[in-house]
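One structure is given here, and the rest of the page talks about it.
The values are calculated or read from the model by the stated rules, or taken from the named source; none is laboratory data. Quantities reported herein were computed from a predicted structural model and do not represent experimental measurements. Note that each Cβ is placed from the backbone with ideal geometry, even for glycine, and that neighbours are counted across all protein chains shown. To get the accessible areas, we keep the full protein, side chains included, count just its heavy atoms, and leave off ligands, DNA and RNA. Shrake-Rupley method; radii C 1.70, N 1.55, O 1.52, S 1.80 Å.
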Amino acid sequence: MKKTLLSLLLLGATISTTFAQEEGKRQEVGINFSSLNSFGLTYRTGTATNLWRFSTMALNLNNSKTETDDPVSQGREDSNFGIRVSVGKEFRKDVTKHLEFRYGFDLAFSYIHDKSTNNNTVSFYEQEGSVYTPSVAGVIGFNYVFNEHLAFGVEVLPRFSYRTGESKETNGTTVTNTDISGYSFGFGNSPAQLSLSYRF
């Protein structure tokens, strides 16, 4: 009898712990953006105070073409695009009922490709390059919580990056290849990243 009662108590404690853990879990999906041409998706999972964060962001999406009636200059075409994926950890603390402080880190990798072509009857000019950038970023920000499901976030990501790649320039019949490499630390062109998240 004692063994049966003890087994039931242990089973009850296990079930209670399991449900308590499930209730404490949180998932979030959202959109993030840092400018009109840099936007992406984010997914977070964990608890209310400790979450894994996964995100992808499109960078500098642009394609433009200029055509003229000039018999010499036939026009110009420019395009550039990029993508960044990251995974990291985020911790949160309540400041007020509707305000949360966020901090953590991200490991990220980005790829950017750009191409510019200027075609005319005198000479042909084209510049094309690709850059690969692994980076480590800190996360510092705040969430304004509208209700239990919706939150608006602002964060800055001081980032240490290493970039590598190559650029090819064609000017008439002359082709010049250039290696690209270097380090950088800072906030980049868009210091603040905004997000709108749905929690469930």
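Before moving on, here are some points about what is shown:
- Accessible surface, 1.4 Å probe, highest first, among residues Phe200, Phe124: Phe200, Phe124
- Taking all Cα pairs closer than 8 Å and separated by 6 or more residues, the relative contact order of the stretch 73-127 comes to 44 percent.
- Karplus-derived HN-Hα couplings along the stretch 49-59 (A = 6.51, B = -1.76, C = 1.60, θ = phi - 60°), whole Hz, x at Gly and Pro: 10, 8, 10, 7, 10, 10, 8, 9, 9, 7, 10
- Semi-axis lengths, largest first, of the ellipsoid equivalent to the stretch 39-137 are 45, 14, 8 Å, with √(5λ) applied to each eigenvalue of the Cα gyration tensor.
- A simple spin-label model places the labels of Ser130 and Gln27 3.4 nm from each other, with each point 7 Å out along Cα-to-Cβ.
- Taking amide H atoms as placed 1.01 Å from N in the peptide plane, the amide H of Asn120 lies under 5 Å from those of Gln74, Tyr125, each 5 or more residues away in sequence or on another chain.
- The H on the amide N of Leu150, modeled in the peptide plane, is under 5 Å from the matching H of Arg199, each at least 5 residues off or on a different chain.
- For the stretch 95-200, the residue among Gln127, Thr117, Leu107 whose Cα projects farthest onto the positive side of the dipole built from Cβ charges is Leu107.
- Equivalent ellipsoid semi-axes, the stretch 94-138, via Cα gyration tensor eigenvalues times 5, rooted, Å: 46, 14, 5
- Pair Asp179, Arg163: separation of 7 Å Cα→Cβ label points (nm): 1.7
- Summed residue charge, Cβ within 14 Å of Asp106's Cβ, Lys/Arg positive, Asp/Glu negative: +4
- Cα convex hull of the stretch 103-200, projected area averaged across orientations, nm²: 8.8
- With R₀ set to 30 Å, the beta-carbon distance separating Ser116 from Val87 gives a calculated FRET efficiency near 0.35.
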